[in-house]
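Comments concern the structure below.
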Amino acid sequence: MGIELDFPAVLQRWPAFVGGAVLTLELAFFATVLGAVFGTLAAVGRGAHSALIAGACKAYVEAIRNTPLLVQIFLVYFGLASVGLKLSAFTVAVAALTINVGAYTAEIMRAGFEAIPRGQIEAAEGLALSRPQIYWHIILLPAVERVYPALTSQFVLLMLASSVCSQISAEELTAVANYIQSDTYRAFETYIIVAVLYIILSLVMRAGFWGLGLFLFPRRRRLGTPL
Amino acid sequence: MGGHLNINHLIFLGHGALWTIGLSLIALVGGGITGFAIALARISPLKSVRIASGAYVQLIQGTPLLVILFLGYFGLAAIGLNVSPLAAAGISLTLYVAAYLGEIWRGCIQSVPKPQWEAAEGLALSKVQRMTKVILPQAVRIATPPTVGFMVQIIKNTSLASVVGFVELMRSGQIVNNSLFEPFAVYAIIAVVYFALCYPLSLLSQKLERRMGRGMTNLTLA
């Protein structure tokens with residue numbers, strides 16, 4: 001059995017690979033930012049006094065965490081189309097990924113909120129801090145600081161999961177690979193290259209989050225240990 | 001337009017759901033056996049074994065499952081190895097699950113308190129005895145909740161096998177949709193079936209975690 005590998009033949013398509021990688025990063029970036037906000041709101045909502053809001057947030061988190069992303073993407077894609085909204089594949093992909101990562105973020109943030117000692121909130125009330133001040137300085141920021149590692153690995157997983165968006169023809173890295181392999185008939189080489197690119201992207205993201213963590217949480221660096 | 005959803009469609013979806021369960025079991029057993037070897041290799045006294053298994057975990061965890069599946073199906077076919085969709089999906093999922101379970105279980109083995117390792121050594125148990133009689137029984141207890149939780153991930157991830165043409169729940173939904181042209185309704189049904197498969201496992205995992213939390217406090221109090 002003759003196996004001939006010809007990586008140069010595939011590598012000469014490098015501009016397409018780079019374009020796909022950039023789009024993957026864009027997808028990951030928008031979904032991370034929007035998902036972080038959305039998920040934090042859902043985590044706050046789960047602790048709401050209103051049973052309706054708390055129940056709705058719990059239902060959202062459980063529904064997303066117990067169904068595959070692929071099904072969610074199709075539901076968003078065809079759901080938006082059936083109500084007459086014609087959006088680009090990129091927008092639909094960002095929306096679906098945001099909804100997806102929001103649920104995971106909510107679970108992580110909830111753990112962060114629960115880890116805040118009651119006494120700190122009472123102390124802040126005793127010092128006459130306003131409600132928004134307490135939420136921001138006493139609850140949100142320390143909670144994020146605590147769960148930062150879990151959040152960042154979730155966002156790296158999100159970047160990898162964005163490969164599923166190739167199924168609704170968003171032109172990200174995996175979709176580019178599918179196109180190139182059907183054009184060059186060199187599937188093995190193509191997917192090896194794409195796998196390497198994904199590994200590089202995840203390393204870049206990890207390094208970025210690590211640097212951002214040093215910048216955002218100097219206390220963590222000074223203490224040398226997680227809180 | 002296509003017809004209406006009828007009993008035959010539902011039976012077809014039921015078959016797909018069975019294959020989803022079957023593929024999940026293949027991935028769990030295959031990935032479990034390989035993952036156990038990975039977990040042991042990750043804490044091996046040999047540096048080269050530790051590095052090799054660590055590199056494997058990093059490679060798999062840095063690659064999307066979808067790309068691994070494409071590599072296993074189209075990639076192997078392109079270099080002359082023709083594999084069936086079931087084999088491609090089974091092998092890819094096994095490799096993927098092994099990396100994650102290996103990493104989970106390594107953490108569980110290492111979280112058995114250090115004095116337990118030392119006491120076993122002090123009792124002159126051999127390395128194999130220490131592992132099988134002292135460390136692993138305790139590690140299994142710690143590992144059960146996260147492993148049950150990861151089974152949810154496995155079930156969800158088998159949906160990706162649909163893209164290489166393996167007819168599990170997702171693919172059977174796509175086929176049904178091709179005759180009905182009612183994507184939203186069909187995929188909503190699919191989502192409900194996945195939820196019905198995954199949610200009990202999620203609940204079980206949470207319950208086990210709480211129960212173990214209680215057991216742990218009892219241990220420290222006593």
Q) Out of all the residues in the stretch B:119-166, which are under 30 Å from B:V83 (Cα atoms), in a helix (DSSP H, G or I) and not aliphatic (A, V, I, L, M)? A) B:T147, B:F150, B:Q153, B:K156, B:N157, B:T158, B:S159, B:S162
Q) Among the residues of the stretch A:1-25 satisfying the criterion of being within 14 Å of chain B (Cβ to nearest Cβ) and loosely packed, with under 15 Cβ neighbours inside 10 Å, which is modelled with the lowest pLDDT? A) A:M1
Q) When you go through (1) at pLDDT 90 or above; (2) farther than 22 Å from A:L151 by Cβ one by one for A:A170, which number turns out not to apply? A) (1)
Q. Within the stretch B:13-31, how many residues turn out to be crowded, with 17+ Cβ neighbours inside 10 Å and not β-branched (V, I, T)?
A. 10
Q) Looking at the stretch B:49-66, is at least one residue in contact with a helix residue (DSSP H, G or I) (Cβ under 7 Å, 6 or more places away or on another chain), farther than 19 Å from A:V196 by Cα, away from chain A (no Cβ under 14 Å) and in contact (Cβ under 8 Å) with a residue 60 or more places away in the chain? A) no
Q: Could you check how many residues of the stretch A:41-92 are in a loop (DSSP other than H, G, I, E, B), farther than 27 Å from B:V152 by Cβ and polar (S, T, N, Q)?
A: 2
Q: Mind counting the residues in the stretch A:26-46 that are more than 21 Å from A:L141 (Cα to Cα) and either over 17 Å from the mean Cα position of the chain (by Cα) or within 14 Å of another protein chain (Cβ to nearest Cβ) (or both)?
A: 2
Q. Taking the stated definitions as given, is B:S162 more than 11 Å from chain A (Cβ to nearest Cβ) and more than 17 Å from B:G32 (Cα to Cα)?
A. no
(Q) What's the number of the only condition in (1) over 23 Å from the mean Cα position of the chain (by Cα); (2) of a type in the set (A, V, I, L, M); (3) surrounded by fewer than 18 Cβ atoms within 10 Å (Cβ to Cβ); (4) more than 14 Å from chain A (Cβ to nearest Cβ) that B:A120 fails to meet? (A) (3)
Q: Run A:G211 past the list (1) more than 9 Å from chain B (Cβ to nearest Cβ); (2) at pLDDT below 95; (3) part of a helix (DSSP H, G or I); (4) within 24 Å of A:A89 (Cβ to Cβ) and report the number of the one that doesn't hold.
A: (4)
(Q) Quick check on this structure: which one of B:A196, B:A185 is within 17 Å of A:A63 (Cα to Cα) and either within 7 Å of chain A (Cβ to nearest Cβ) or without any contact (Cβ under 8 Å) to a residue 40 or more places away in the chain (or both)? (A) B:A196
Q. Only one of these conditions is not met by A:L69: (1) farther than 30 Å from B:I189 by Cβ; (2) under 15 Å from the mean Cα position of the chain (by Cα). Which number is it?
A. (1)
Q: Please go through the stretch B:67-90 and pick out each residue that is touching a residue at least 60 places away in the same chain (Cβ under 8 Å), more than 8 Å from chain A (Cβ to nearest Cβ) and of a type in the set (A, V, I, L, M, F, W, C).
A: B:L69, B:L86, B:A88, B:A89
Q. Among the residues of the stretch B:124-139, is any closer than 30 Å to A:Q72 by Cα and without any contact (Cβ under 8 Å) to a residue 60 or more places away in the chain?
A. no
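Residues that are hydroxyl-bearing (S, T, Y), modelled with pLDDT under 95 and closer than 27 Å to A:V164 by Cα: does the stretch B:95-113 have at least one?
Taking every residue of the stretch B:95-113 in turn, none turns out to be hydroxyl-bearing (S, T, Y), modelled with pLDDT under 95 and closer than 27 Å to A:V164 by Cα.
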Q) Going through the stretch B:123-153 one residue at a time, which ones are closer than 30 Å to A:A63 by Cβ, more than 14 Å from chain A (Cβ to nearest Cβ) and touching a Gly at 6+ places or on another chain (Cβ under 9 Å)? A) B:I142, B:A143, B:T147
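For (1) touching a Phe, Trp or Tyr at 6+ places or on another chain (Cβ under 7 Å); (2) in a helix (DSSP H, G or I); (3) at pLDDT below 90, each residue gets a yes or a no:
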{"residue": "B:G3", "(1), (2), (3)": "no, no, yes"}
{"residue": "B:G16", "(1), (2), (3)": "no, yes, no"}
{"residue": "B:W19", "(1), (2), (3)": "no, yes, no"}
{"residue": "B:I26", "(1), (2), (3)": "no, yes, no"}
{"residue": "B:Q58", "(1), (2), (3)": "no, yes, no"}
{"residue": "B:V67", "(1), (2), (3)": "yes, yes, no"}
{"residue": "B:L71", "(1), (2), (3)": "yes, yes, no"}
{"residue": "B:L81", "(1), (2), (3)": "no, no, yes"}
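The rows are residues; the columns are (1) at pLDDT below 95; (2) within 14 Å of chain B (Cβ to nearest Cβ); (3) surrounded by fewer than 22 Cβ atoms within 10 Å (Cβ to Cβ); (4) within 25 Å of B:I154 (Cα to Cα).
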residue: A:A48; (1), (2), (3), (4): yes, no, yes, no
residue: A:A51; (1), (2), (3), (4): yes, no, yes, no
residue: A:A56; (1), (2), (3), (4): no, no, yes, no
residue: A:N66; (1), (2), (3), (4): no, yes, no, yes
residue: A:V71; (1), (2), (3), (4): no, yes, no, yes
residue: A:A81; (1), (2), (3), (4): yes, yes, yes, no
residue: A:G84; (1), (2), (3), (4): yes, yes, yes, no
residue: A:L87; (1), (2), (3), (4): yes, no, yes, no
residue: A:T91; (1), (2), (3), (4): yes, no, yes, no
Q. Does B:S48 count as surrounded by fewer than 22 Cβ atoms within 10 Å (Cβ to Cβ) and in a helix (DSSP H, G or I)?
A. yes
Q) Pick from A:I192, A:I138: which is of a type in the set (A, V, I, L, M), within 24 Å of B:L69 (Cα to Cα) and in a helix (DSSP H, G or I)? A) A:I192
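The values are calculated or read from the model by the stated rules, or taken from the named source; none is laboratory data. Just so we're clear, the structure is a prediction, and the values are computed from it rather than from any experiment. Ideal geometry is used to build each Cβ from the backbone, glycine not excepted, and the neighbour counts take in all protein chains shown.
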